[in-house]
Amino acid sequence: MSLTANSPLTDLGIENATVHLNPGVDELYAHAVRLGEGVKAATGPLTVHTDKTGRSPKDRFIVEDDQTRDAVWWEGFNRPISGEVFDRLLAKMTKHAEGRELFVQQVFAGTDKKHRIAVRMITEMAYHSLFVHNMFVRPTPEERADFEADWTVLNIPSFKADPAVDGVRSETFILVNFGKRMIIAGGTQYAGENKKGIFGVMNFLLPDQGVMPMHCSANVGENGDVALFFGLSGTGKTTLSADPARRLIGDDEHGWTESGVFNFEGGCYAKVIRLNPEAEPDIYRTTQTYGTVLENVVLREDGTPDLDDDSLTENTRSAYPITQIDNIQPGSIAGHPKNVVFLTADAFGVLPPISRLSPDQTMYQFISGFTAKIPGTEEGVTEPSPTFSTCFGAPFMPRHPGEYARLLAKKVEDSGATVWLVNTGWSGGMYGQGKRMSIAHTRALINAALSGELDSVTFEREPFFNLEIPTQVPGVPSEVLNPRDAWTDKAAYDETARKLARMFRENFKRFEAGVDASVTNSMPDPDVQG
Ligand code: ATP
Ligand code: MN
């Protein structure tokens, strides 16, 4: 049903826009094509190219008010902005919106009725509306009949801020206002902002309800054992959670309640650059399916997607409803986790492919949130660059990391879950010398951990990070288990490991005051090793 007559947006001061209310997939394809936003690929997906090809975390601001002043951790990505700046930009935006076409989706964030929020997503782009339809939890017809939004998102990419007068950093802005329960965004076409904005809202609200909000994927085995996979972008949350032998709960954002875990989303947003159909058959299939949004993928002459083409960006994406994956958990809700996996893509090649964490190390690694990027194209840069992003998602976590870490530690303790650190990055040398772990080996390591097979094997302790490493894992050559064995130049390994350990310690200094000494000391000091 599409409503184009009277505008339901008068509460925002938008009096005469053409509003499409809850348009379906066919309609959105037609609108997107008509508006020149994209084309239908020969394999089915709606394919679009965007001005920005990634999020703009530095342009996100939170309105400072009575609710946020003392509750938000005003560091890193959490920058304050005044209510007046928000109001002025909103007024300009609504004026800009007059006479235009807008798409509205009424959706939920959260599959758990007790903790979900109802969101009215107003977008200028038809393809954003399809993205939202795919990625959020779609209400039943009954739920839609008496839908009342808790939050409103207004996203108008053609509206660009003027940093000289508008009080923001650039022409791109994402402003979150908890008092008004509203997000306004402009100056970027990247669809991921639609979902990550609301993720940040959930991450702020849920701890007060005793719920741990998490940047992680989740799946559940045949016998009901739930696994979580935390990790920064590119570490493998989406890839590794799509396992045909386990039911997918979700690939990116979850909450851990008093009774188990629930997905915030109704869809997945997978990286598709150089996707290998054999290694990732489920995700590959979504690139061949009607209803999918393919973002910044280049089409060949014949209209089929060329997944190897990185000319627009490395960050090519497929956004699809979770129902496109074969083996999914009904309702995207399940019990308490039995295993928690921290994924890291260590381009230094020194962290073990799998290790088991103590409770103190769990806090340490969670607060550190480490991964390492491969060297960029910049002249002279040959070393990987470390990224420490607290809670494995600093740009989305408005509260103090200690608050999330304590909540997670409590949930892990109460559930008795085992916590693992898995390196999906390099082995046998740093980026350039070694190789990336194969997806098959990483899957074998994770399967061994989740099935309980590692409960009965011997572990050894690695000296630089103080990690416990299994000495044998079925299906994986034992030389790769201890990272030092995989390097031919042992002195180079020791030097690189020591260097990374120092980076960990340097980064952790700013958190030391907020945690028990046992957490800080759960990692040895490589410089005082004899
Ligand atoms: P985001 O938060 O941006 O969604 P993500 O954690 O979901 O990131 P993925 O989309 O799963 O990350 O990206 C992992 C990428 O690394 C994929 O392109 C995958 O093909 C590749 N890859 C290579 N080797 C491995 C491995 N051993 N394990 C996991 N992924 C691997
Ligand atoms: Mn992902």
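Among the listed residues R116, R88, identify the single one that is at pLDDT 95 or above and more than 22 Å from the chain's Cα centre (by Cα). Working first, answer last.
Working: R116 fails: more than 22 Å from the chain's Cα centre (by Cα).
Among R116, R88, only R88 is at pLDDT 95 or above and more than 22 Å from the chain's Cα centre (by Cα).
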Checked against (1) under 24 Å from the mean Cα position of the chain (by Cα); (2) in a helix (DSSP H, G or I); (3) crowded, with 18+ Cβ neighbours inside 10 Å, M93 satisfies every condition except (1)
E378 passes all but one of the listed conditions (1) of a type in the set (D, E, K, R); (2) part of a loop (DSSP other than H, G, I, E, B); (3) modelled with pLDDT of 95 or more; the exception is number (3)
- Is it fair to say E258 is of a type in the set (D, E) and within 13 Å of ligand 1 (Cβ to nearest atom)? no
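Picking from E64, E27, which residue would you name as being without any contact (Cβ under 8 Å) to a residue 60 or more places away in the chain and under 26 Å from the mean Cα position of the chain (by Cα)? Please lay out each step first, then the result.
Values: E27 fails: under 26 Å from the mean Cα position of the chain (by Cα).
Among E64, E27, only E64 is without any contact (Cβ under 8 Å) to a residue 60 or more places away in the chain and under 26 Å from the mean Cα position of the chain (by Cα).
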*farther than 17 Å from Y320 by Cα, polar (S, T, N, Q) and either within 14 Å of the chain's Cα centre (by Cα) or within 12 Å of ligand 2 (Cβ to nearest atom) (or both) - does that describe any residue in the range 231-241?*
yes
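Determine whether S311 is closer than 22 Å to V39 by Cβ and not in a loop (DSSP other than H, G, I, E, B).
Numbers: closer than 22 Å to V39 by Cβ: yes; not in a loop (DSSP other than H, G, I, E, B): no.
In short, no.
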Considering only strands (runs of 3 or more DSSP E) wholly within the range 1-74, the ones with at least 2 residues that are open to solvent by 40 Å² or more (accessible area, probe 1.4 Å) are 38-40
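So which of L312, L248 ends up being within 15 Å of ligand 1 (Cβ to nearest atom) and of a type in the set (A, V, I, L, M, F, W, C)? Reasoning before the result, please.
Values: L312 fails: within 15 Å of ligand 1 (Cβ to nearest atom).
Only one candidate qualifies: L248.
For the range 448-488, give me each residue that is part of a loop (DSSP other than H, G, I, E, B) and not hydrophobic (A, V, I, L, M, F, W, C). Walk me through how you get there before you give the answer.
From the range 448-488, those part of a loop (DSSP other than H, G, I, E, B) are 451-452, 457-458, 463-466, 471-472, 474-475, 477, 481-482, 487-488; that's our starting set.
Once the filter is applied, which keeps residues that are part of a loop (DSSP other than H, G, I, E, B) and not hydrophobic (A, V, I, L, M, F, W, C), the range 448-488 yields S451, G452, T458, P463, N466, T471, Q472, P474, G475, P477, N482, T488.
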Counted residues in the range 311-335 being surrounded by 15 or more Cβ atoms within 10 Å (Cβ to Cβ) and more than 30 Å from T257 (Cβ to Cβ) come to 3
Scanning the range 249-304 residue by residue, those assigned to a strand (DSSP E or B), open to solvent by 10 Å² or more (accessible area, probe 1.4 Å) and more than 13 Å from ligand 2 (Cβ to nearest atom) turn out to be V298, L299
Given (1) open to solvent by 10 Å² or more (accessible area, probe 1.4 Å); (2) within 16 Å of ligand 1 (Cβ to nearest atom); (3) in a strand (DSSP E or B), T152 misses just (2)
When (1) outside any loop (DSSP other than H, G, I, E, B); (2) open to solvent by 10 Å² or more (accessible area, probe 1.4 Å); (3) more than 8 Å from ligand 1 (Cβ to nearest atom) are applied to T238, the one that fails is (3)
Residues in the range 221-235 that are under 18 Å from L408 (Cα atoms) and either within 6 Å of ligand 1 (Cβ to nearest atom) or touching a Leu at 6+ places or on another chain (Cβ under 6 Å) (or both) total 3
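The values are calculated or read from the model by the stated rules, or taken from the named source; none is laboratory data. Nothing here was measured: the structure is a model prediction, and the numbers come from that model. Neighbour counts run over all protein chains shown; Cβ positions are idealised from the backbone, glycine included. We work out accessible area using only protein heavy atoms, side chains counted, and drop any ligands, DNA or RNA first. Shrake-Rupley method; radii C 1.70, N 1.55, O 1.52, S 1.80 Å.
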